[in-house]
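This report refers to the structure that appears directly beneath it.
Just so it is clear, none of the values below were taken in a lab; they were calculated from the coordinates. In this text, all values refer to a predicted model and were calculated from it rather than measured experimentally. Reconstructed Cβ throughout: ideal geometry from the backbone, glycine too, with neighbour counts over all protein chains shown.
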Amino acid sequence: MARAASGSGSPNSASSRARVLSAAARLFAKQGFAGSSMRDLAREAEMSLAGLYHHFAGKDELLFEIQRDAFDRLFEPLTRLADETPAAERIELLIRNHLEFFAAHITEMKVLSHEADALGDALGRQMRRQRRRYYDICLKVVTDLITERGNHHLDPRVATMSLFGMINWIYTWYRPQSGISVDALARQMSEIFLNGVTAG
């Protein structure tokens, strides 16, 4: 667990931690986790090396916190995905939730995509469990959709991974200033996934 769990809970401490995590996300996205040192991170966060170590024991802990925070935010709205809700509605909520978070956190999304397997040992196992939990939620919704629509020839795993392929790589091309809102993007991606490009 992160060292801050046993540290000060003051607003200044929380603000410093947030600044460090933001700086770490920028640096990992720019030069990779393996290519970043704690000294680089301290410089990026405009903090002394001793100050950085006060909050985090090492860069593994920083990457873990970036990943954990992202998954915590992704999971929370999905508690509204009641099984009795039509699968298409649950798909739309899942896509919207995913895009709204990552469109506002493009840098963190890049880090999650590129550094998914960078952590080893206990921290890595925790993150693999989180990713698996998220995948299982999405797989269930997609499986329910296939069942509801009678498309039993479709493989739920293939469909789920195709959905991730759509929504996970927006950081490579989507820019909020591009003229399409996140809301419009979510609607279009939901329509493409649910009905295909040529439907209607």
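Data table
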{"quantity": "Virtual spin-label span in nm between Ser22 and Ala57, 7 Å along Cα→Cβ", "calculated": "2.7"}
{"quantity": "Radius 12 Å from Cβ of Ala87, net charge of other residues (Lys, Arg +1; Asp, Glu -1)", "calculated": "-3"}
{"quantity": "Rounded to the nearest 20 debye, dipole of the range 8-56 from Cβ charges on Lys, Arg, Asp, Glu", "calculated": "60"}
{"quantity": "Computed Rg/Rh of the range 63-195, alpha carbon atoms with Kirkwood Rh", "calculated": "0.97"}
{"quantity": "Percentage relative contact order, the range 79-200, counting C-alpha pairs under 8 Å, at least six apart", "calculated": "44"}
{"quantity": "Mean ellipticity per residue at 222 nm, deg cm²/dmol - from DSSP H runs of n ≥ 4 across the chain, formula -39500 (n - 2.57)", "calculated": "-22500 deg cm²/dmol"}
{"quantity": "Nearest-20 debye value, the chain charge dipole, Cβ charges on Lys, Arg, Asp, Glu", "calculated": "480"}
{"quantity": "FRET efficiency for Arg125 and Glu89, using Cβ-Cβ distance with R0 set to 35 Å, rounded to 0.05", "calculated": "0.55"}
{"quantity": "Cα shape, the range 88-131, gyration tensor, a/c 1.5 rule", "calculated": "oblate"}
{"quantity": "Spacing of the two label points (7 Å from each Cα toward its C-beta) at Phe75 and Gln188, in nm", "calculated": "3.3"}
{"quantity": "Gain in span if fully extended, Thr198 to Met166, counting 0.36 nm per residue against the direct Cα distance", "calculated": "9.8 nm"}
